[in-house]
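These notes are about the structure you will find just below.
Taken together, the values in this text are just the output of simple stated rules run on the coordinates, not laboratory data. Computed from a predicted model, the values in this text were never measured in an experiment. Glycine gets a Cβ as well: all are built from the backbone with ideal geometry, and neighbour counts include every protein chain shown.
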Ligand code: 4NP
């Protein structure tokens, strides 16, 4: 079974959406998905209301999720660790212990735009339109990730 971890800063806006979207596209018997944040500000909290709302609009329920912090043990558990932005990517790599750990970490939008290292913008201080934009970016990337996994199995 492939194990995928989506990582952002707070684990309340972007990575819960990425988790919910990818979950909606894959067979849960073959892929395990979770999400985490590099910061602990929101540990134990539900996703942000605006993420819940945009997910609902596309018939995805993310209210079963609770924020947690990324830990070094996640390198042992997960095969693919997708960072939402460059800062998350750098913070995760700081904790990596080996080449094998480092190789698991990817910028999620490199699935859509290979090697461009484009970040999913942090929508926290903006309005609902920012969440809609994030949703569309993540939907496209997760579609490609789901296709890849259906080929690997
Ligand atoms: P996320 O968004 O990393 O996509 O969950 C944020 C959530 C909270 C904060 C920043 C970004 N914050 O500063 O509390």
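Sorting 6-15, 59-68 by average packing, meaning the other beta carbons within 10 Å per residue, from highest down gives 6-15, 59-68. When restricted to Cα atoms, the range 33-103 yields an Rg and a Dmax of 13.7, 41 Å, respectively.
Calculated [222 nm] ellipticity per residue, helices only, for the chain: -13000 deg cm²/dmol; basis is -39500 (n - 2.57) per DSSP H run with n ≥ 4, divided by all residues, nearest 500.
Find how many whole Å separate the alpha carbon centroid of the range 13-37 from the alpha carbon centroid of the range 86-140. Distance between centres, Cα-based: 14 Å.
Stick to Cα atoms and the Kirkwood definition of Rh, then tell me Rg/Rh for the chain.
0.93
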